[in-house]
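> The following block contains the structure, expressed as C-alpha cells.
Here, each number is a calculation from the coordinates, and none is a lab measurement. As the structure is a computational prediction, the values presented were derived from the model and not from experiment. For neighbour counting, all protein chains shown are included, and Cβ atoms are generated from backbone atoms with ideal geometry for every residue, glycine included.
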Amino acid sequence: MTKLFKLKLIALAISSTLITACGDAETNIVEKNPIEVPDDHDHGDGDDHDHGDEYTIDSLGRLVVLANDSNTASFFDLDDNELLDTFTLTNDSNTLSSSPDFRYAVIASRAQDYLGFIDGGLWREDHGEHLHDYKQGPAASSFELTSGSRPTHLVKHDGKLAIFYDGDAESGTVASVEVLTDNDITSATAALPGITYDINMHGVAEPRGEHLLSTIRRDDAESTSVAKILPDQVGVYHFHDGEYELEQTLELTCPDLHGAAQNHDYVIFGCSDGVLLAHQHDDEYEAEKIANIAAVGDLRIGTIYGHENSESFIGVASGHGGGPAVIVSIDPENAEMEELEWQLADGASAISYSFSANGEHFLVLDSLGFLNVLEAHAHDDHTHWELAGQVDITEEDVTTMPEGMKFSMTVAQNGQFAYVADPIAQHVVQVHLEDLEIEGELELTFPPAAITWLGIAEEEEEHDHEH
Amino acid sequence: MKRRSQLAVLIAALLPASVLANSIEGTVLNNQGKVVANATVEVEGSDVKVATDENGKFVIVNLKDGLKELHVVAPGYAHLHRDITVSGDENQSITFNLKRSPIEVIDIEATPIHMSAMESASPVSVLSGEQLRRQQAATLGDSLEKLPGVNTNFHGKVASTPIIRGLSGPRVLITQNGLDVSDVSRVGPDHSVASEASTAQQIEVLRGPATLFYGSGAIGGVVNVVDNRVPTDSTTRGEWNLEHNSVDNQKVASFNATTGTDSFAFYADAFWREADDYEIPVAAELDHDDHEEHSGDYTVENSNEESDGFTVGASYLMDQGFIGIAIEQFNRQYGIPGHTHGGEEEEHSEEESVYADLEQTKVQLLSEYNLDNEWLNKINLRVGHTDYKHAEIENSLVGTTFKNETNEFRVDLMHNPFSEWNGGLSFHYKQSDVEAQGEEAFTPPSQTQSFAVALMEERHFGDFLVQLGGRVERVTIDADNALLPNIDAHAHDEEEADEHDHDHEESTAITRVFDVEHEFTPVSLSAGLVWDFTPSYNLGLSVSRSERAPSASELLSFGAHIGTGTYEVGALFDVDKDGHFGLSEQAIDLETANNIDLTFRKTQGDIGFIFNAFYNQVDNYYYQIDTGLYAESGHSHGDEDGHDHGDEHDHSSELPVYLFKTDDVILHGFEAQVAWQLTDEFKVDLFSDYVRARLKDGGDLPRTPPLRFGTEFSYQTEKLSAHLHVTRYQEQDRTAPEETATDGYTMLDASVSYDLSVLNQDVSLYLRGTNLTDTEARVHSSFLKNIAPRPGRSFALGIRGYF
C-alpha cells in the first residue's frame, strides 16, 4: 500500500509539472457587427435641450421573420436589410407579434401554453430631459410565460399587453388574463397583475390605462351565447394595490362575444346581434349596443379593428370558419354601422388587416396578392372609408402558393411603411402607404411564415392632432 | 454531534469491560491536575469524536487496529496531539494533560484538512464566541478589522469589505459555509457583502494564498462565515440579541436557534438592523474650509442602512453523518455615501442621494457522511445556489442593476490514513452568470465557469507536521457582447482653450462589439511544515505557488464606475497615443503568486504568541493605472435649467480613465500577536501588523493599510467581563501616484458586560464604547477617505440571551 501511494505521489508530482507546463491562458476574441450609438457627449455648453436629437436614433427599425420550414426567427436590420441574428424557437407552432412598445418579439405557442420574448435591440427610454434611444444586437430574453393555459388573444394598447388565456374545459383549467409592459419583460417581473376566472372561455381583454375591460362568462344556464364557451358579458377591472379588481359589469349583454378593439374614447366588442360599445367617462363605462345592419345578414362581426386616433372602427363580419366576409365601419359616436363601399373582389379572401401607424389608413391584404389601402374621408361629421389604391405586391402566380403558406403583413410604427412577406418569391417588400408603391425589397433564403416590425415607434405628440 | 457523543459515552459506560475491545478510555486533566470537562477528543482522519464528562473521563469504542492520532481540544487550552497504537483486544487507559493557551485555538471549518491558528503551516485566524459578538458590525470588513493582517476598506460604514495583507477585491474570496457568497462585492468597493455576522457562529480568515482550497479568487486569502444553518446536531439551543448604538441610532435585533428530534434537526435565524446617517467628529470632507460656523453635529450623509434577513434549515441526522438544506433570504438597503456625481454636492446631495437595494436568496445543501470503506472514510458534500440582485436607485429611479446567479458544487473525498497520511481529494465546480444593466453597467454580461480538482495531504513525522497540496483548475469566461464604445477621452492639462470646439461632426459613433472567450488553467501547489522543535513552541514554514485567472471585470470592463469615481477599462483593451481605445496587443495571462510564510509560535503557558512574516511576489498582478485621460461618465443629472452656469465648462460629469494593466508586485510584511495571562482574571493582548505593497520596478500600490499596533486589556470573572482596546494606526505616506498620504490616529474602545440568569436563561447585559476620544480617523484603505471618516464616539447598549 505504501509503495502504491508513493508511486501515486510521484505520478501526481509529474502530472502537476506537466500541467504547469501547459497551465495556460487562452483568449479568443471575435469581433461582431458594431453598434451605432448616438453621440452621448454633451459638454455642458449651454442648454441640454438644444441637443435633444443627439440621443435619438433614426432607424427604419427591425423586422422579425418566422420561417415556414424551420422553427426559427430571423432578425433583420431594415436600414441595410442585413440579417442580424437568427434564433431557434422552443416550440414548433408559433405565432409572432410584438411587445406593446415594439422592443420585443413575442413568440406565442398556444398549444404549448408558452409565451417567449426576443429583444429586438432597439428601444427608447425617457430620461426626463431627453428621450434616450438604444441600439443593440437582438438577444433572447430569459423571460417566459408558461403558467397560463392556452394563451390566445394578445391585445396591445398604450404600452400594455393583455394576454387572454382561454383555459381548457377538458383539463379543467380556467381562463386568466395577464397584463405586462416592455419593462416587465426587461426586468423579468415574476408576478404580473391580471385576472383569474373560475371557468374557461374563449375571451378577450382590452388594457386601457388603469382599467382592463375583460370578458365574463356566466353560467351556461344564464348565458345568452349559443356557443357557451364564448362569453356574453364585459367587466371593467380597475388596477390598484397591485391587482385588478372588478368594479363594474356592463349592463348590456353581448351574446357569443368575439373580437374587440378600442380608440381614444370607446372600447368595442363584437356580438352575434351587433356590437357592444363601452364609452369611458373617467372611471365609469357607459354601455350601448349597435344592432347588426342588413348587410351583415347571417354573418356576425367577430373581428374589430380600431386605432387610438381613428374615430371609426372597422368590423369584419364572417361566418364561422371563414367564408365570405363583409367589412363594415362602426361609428360609435353616432351609434352607426355602415357597410364599406369597397369590399373584397370575388375570389379574394382577406389574409391580414391593419390600421396604418397614424390611423389614417386601413390596410387589407388579400389572397390574390393585393394590398388594398383604404383612406378615411370625413363628410359632415361622418367618416367614410374609400379605397385609396391597390398595391400588387407579388409578380408570382398566386396559384403556386405552397400548401399551408400565405402572405403576411406588418406595419412599421415609425412612418408610412408596411411590409409584406411573400413565401413564393421568398422576400419581403416595403410598401409606402402614401405613395402606394413598393420601395424596397428584403431577400430571404427561406419561405416566411409570419413577420412583425420592431423598433422605436414615432411619438404621438409629433402628430398633428387638429382634425 | 454533542448529543451523539454523549450517547456513546453512556453506552460505553453501560457495557461490561470485556466488550470494550479495541477501545481507549482516559481522563483529561489540566496543568494543576484538575479535570477538564467537555473537552473534545477526536480521532484524526475519522469522524470519531467524544466529549469528556464532568469527571474529565472519556471512552472511545470500536476502534480498528492500527496507529491512531488523537486530537484533544478544550476552550482555553492548547490543542494536544497524541499517537496511540491500538491492537486487538486491548484496552488502553490514558491521561492527557492540557496546557493553558492564552490565545484561543479554534479549528477552522473552511478547509478539509485540520487547521488552526496554532497548529497549521499557513496562518489562519478565527473570530468566534464572545469575541465575535463584541466585534461584529454591520459589514464584514468592519467586523474583522481587529484581526491581525485584516483591515477594512471602510466604505462609509455601509459597504466595508475585508482587506487581507493589503489585498482585496477579486483576490479575497468570501464564502458562507465554504461556498462562495456570490454577490458583486468583489467588483466594486461600494457593493456590500451579502453575509451577516450577527447570526454567524464563527468567521474564519485564511491569510495569504488559499487557492488550494478555493481556487482563483482566493489568491490573497479567504473569509469564511460559518453558521449552523444546516444543523449537524439537534441539541436545543439558541441565542438572541438586542442592541442600540448611539452614533448612528442603530438598532439591531437578531436570534438563532437549533432544535430537533433524534433524526431531524432544525435551524432558524433572523436579524434586523436599522441605522441612520452616522455622526462624525469633524466635517465629512477633508478639505472643508470652516468659514461658516457649523452648528450641530456633522454626519456622513447618505450612510444610513437598513437590512433584514432570515434563514431556515433542516437536516436529517444519521449515525454516519447528516444531510441538510437551508434557505436564506437577505435584504439590505444602504445609502452609498460619495455616490454623488460631480461637484455641487452641497446643493444637490439630498435629492441626488443614491442608495442600493440588495436582495439575495441562497440555498445550501450540506452533507457529511462517514464511510466504513477500505479507501474512503468520509465524504463532504456542499451544493449551493445563489440568486443575487442589487439595484442602485437614484431619484427613485433604478440606475443600474447588478445580478449574479451562481451554482456551486463541491465534494471532498477524505481517505483512510495511507501510511499515516491524512487527507483527501476535492472536486469543485462553480458557474456564475454576472450581469449589470443600466447607466453603470461598466462590465458586460459574462458567464464564468470553473472546474477544479485538488489534493490535500498531511502527515506527522515525529516532531514535524507536513502539509502538501495541489490544485488544477479550468476557468472559462465567456462574454458574447463585450462593448468597446468610441469614447472621446481627453487629457485635461491642455486647458480649456480648445475644449469647446468639440466638433460633433458625426452624431453617431460606433461601438465595437466582441465575442470574447477566455480559458485559463491555473495550477496551485503548496507545501507546509510545522516543527515542534521544543515543547510549547513551534515553527511553521509554508511555501506556495498560486495562479489566478483574472476576473471578468478586470478583463472586460469599459465604462463609468461611479462607486470608485473612475472610468474603468479592462485589460482586454488598451489606449494608443491619441487616446483611442482598441484591443490590447498584450496577451491575457494568469496572475501568479509565489508566497513564503514563516511562523513562530508559543502555543501554551501563561504567555502565548504568534509571529508571522510573509513575502509574496505576484507576477502579472492586475491593477488599475491612471491614464491621465478623462471621459464622460454618461451620467447626466438633468441639472435644472434654472442654473446659470457661470463658467460654462465644468468637468462635473467627467471621470478619470483607469486602465487595467499587469505588473510584477511584491508584498511583504508581518503580523504579531502576544497574549499574556497575568492572573486568572487579567489578560493582556498585544498585536501589530504591517504590509508593504510595491511594484517590483518601483512605486507603491494604492490604498495599502498603514502599520498598526495595539493592545487589549481584559478582565474576566464568572459574571463580569471588561475589555479595553487601543489601536494605533500610523500615518501612511507610501502612496501610489495620484494618491495622498493619510494621517495616523488612535482608536480607543472599551466594553463591559455582566452575566445574569433570568428565567433559567443566561442573559448578559453589555455596554460598549467605540472611538471614545472622538478622534478624526480617516482610513487610508478606503476609497472614501476624503469624504467619510470613521464614526465618532459611540455607545452601544445591548442585551444578549442564551438558551
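> How would you rank A:ASP182, B:ASP488, going from fewest to most other Cβ atoms within 10 Å of each one's own Cβ?
In order of increasing Cβ crowding within 10 Å: B:ASP488, A:ASP182.
> Let me ask another. Go from 0 up to the bin containing the longest alpha carbon distance in the protein assembly as shown, width 20 Å each, and give me the % of pairs per bin.
10, 33, 30, 20, 7, 1
> Also: Rank the residues A:LEU246, A:LEU276, B:LEU376 as a footprinting-exposure proxy: fewest other Cβ atoms within 10 Å of their Cβ go first.
A:LEU246, B:LEU376, A:LEU276
> What order do you get for B:ASP774, A:ASP184, A:ASP435 when you list them from fewest to most C-beta neighbours inside 10 Å?
Arranged by neighbour count, lowest to highest, B:ASP774, A:ASP184, A:ASP435 become A:ASP435, B:ASP774, A:ASP184.
> Something else about it: Post the alpha-carbon centroid distance, the range A:363-410 to the range B:406-478, in whole angstrom.
Taking the Cα centre of the range B:406-478 as reference, the centre of the range A:363-410 is 65 Å away.
> Right, another one. Set the Förster distance to 22 Å, then compute FRET efficiency between B:ASP733 and B:PHE713 from the Cβ-Cβ distance, nearest 0.05.
FRET efficiency, B:ASP733 to B:PHE713: 0.10.
> Multiply the residue separation of B:PHE427 and B:GLU274 by 0.36 nm, subtract the distance between their alpha-carbon atoms, and state the gained length in nm to one decimal. Write down the numbers at each step before the final one.
Details: separation 153, 0.36 × 153 = 55.08 nm, distance 4.04 nm.
Length gained, B:PHE427 through B:GLU274: 51.0 nm.
> Taking only C-alpha pairs under 8 Å that are 6+ residues apart, what is the relative contact order of chain B in percent?
Worked out over chain B, it gives 10 percent.
> Something else: What is the calculated FRET efficiency for A:ALA227 to B:LEU724, with r their C-beta to C-beta distance and R₀ = 51 Å, to the nearest 0.05?
Numbers: r = 86 Å, r/R0 = 1.68.
It comes out at approximately 0.05.
> Now, a different point. Write down the percent of antiparallel bridges among all DSSP beta bridges whose residues are both part of chain B, to the nearest 5.
Bridges in chain B that DSSP calls antiparallel: roughly 95 percent.
> I'd like to compare A:80-88, B:688-696: which one has the highest average count of other Cβ atoms within 10 Å, and what's the full order after that?
B:688-696, A:80-88
> What does the average come to when, for each residue of peptide B:585-598, you count the partner chain Cβ atoms lying within 10 Å of its Cβ? Don't skip to the answer; put the middle values down first.
Numbers: counts 0, 0, 4, 4, 3, 3, 1, 1, 0, 0, 0, 0, 0, 0.
Mean inter-chain Cβ contacts per residue within 10 Å come to 1.
> Further question on the same structure: Please determine, in degrees from 0 to 90 and to the nearest 10, the orientation of helix B:2-14 with respect to the longest principal axis defined by the Cα atoms of chain B, where the helix direction is its Cα long axis.
Helix B:2-14 sits roughly 10 degrees off the main axis of chain B.
> Another question, then. Within a 10 angstrom radius of each residue's Cβ in B:476-485, how many Cβ atoms of other chains show up on average? Whole number is fine.
Mean number of neighbouring Cβ atoms from other chains: 3.
> Ignore the peptide's own chain and count Cβ atoms of other chains within 10 Å of each Cβ in B:519-527; give me the average, rounded.
That average works out to 4.
> Let me ask you something else. Binning at 10 angstrom from zero up to the longest distance, how are the C-alpha pair distances of chain B distributed in percent?
Over chain B, the share of Cα pairs per 10 Å bin runs 2, 13, 23, 26, 19, 10, 5, 2, 1, 0 percent.
> Okay, moving on. Using the 2.2 N^0.38 Å rule of thumb for compact globular proteins, work out how chain A stacks up: its C-alpha Rg over that value, please.
In units of the 2.2 N^0.38 Å rule of thumb, it is 1.15.
> Next question, about the same structure. Write down Rg/Rh for the range A:368-443, rounded to two decimals, with Rg from the C-alpha atoms and Rh from the Kirkwood relation over Cα pairs.
Here Rg/Rh amounts to 1.05.
> Can you bin the range B:655-790 into rounded, prolate or oblate? Criterion: square roots of the alpha carbon gyration tensor eigenvalues sorted a ≥ b ≥ c, rounded for a/c under 1.5, prolate for a/b above b/c, oblate for the rest.
Here the range B:655-790 falls in the prolate category.
> Another question, if that's okay. Hey, what angle do you get for helix A:2-22 against the long axis of chain A, alpha-carbon based, 0 to 90 degrees rounded to 10?
Helix A:2-22 sits roughly 70 degrees off the main axis of chain A.
> Given contacts defined as C-alpha pairs under 8 Å and at least six residues apart, what's the relative contact order of the range B:138-260, whole-number percent?
20 percent
> Is the range B:565-619 best put as rounded, prolate or oblate by its Cα gyration tensor, with a ≥ b ≥ c the root eigenvalues, rounded for a/c under 1.5, and otherwise prolate when a/b is larger than b/c, oblate when not?
In terms of gyration-tensor shape, prolate.
> Given R₀ = 56 Å, FRET efficiency for A:GLU434-B:LYS696 by Cβ-Cβ distance, to 0.05?
Approximately 0.20, to the nearest 0.05.
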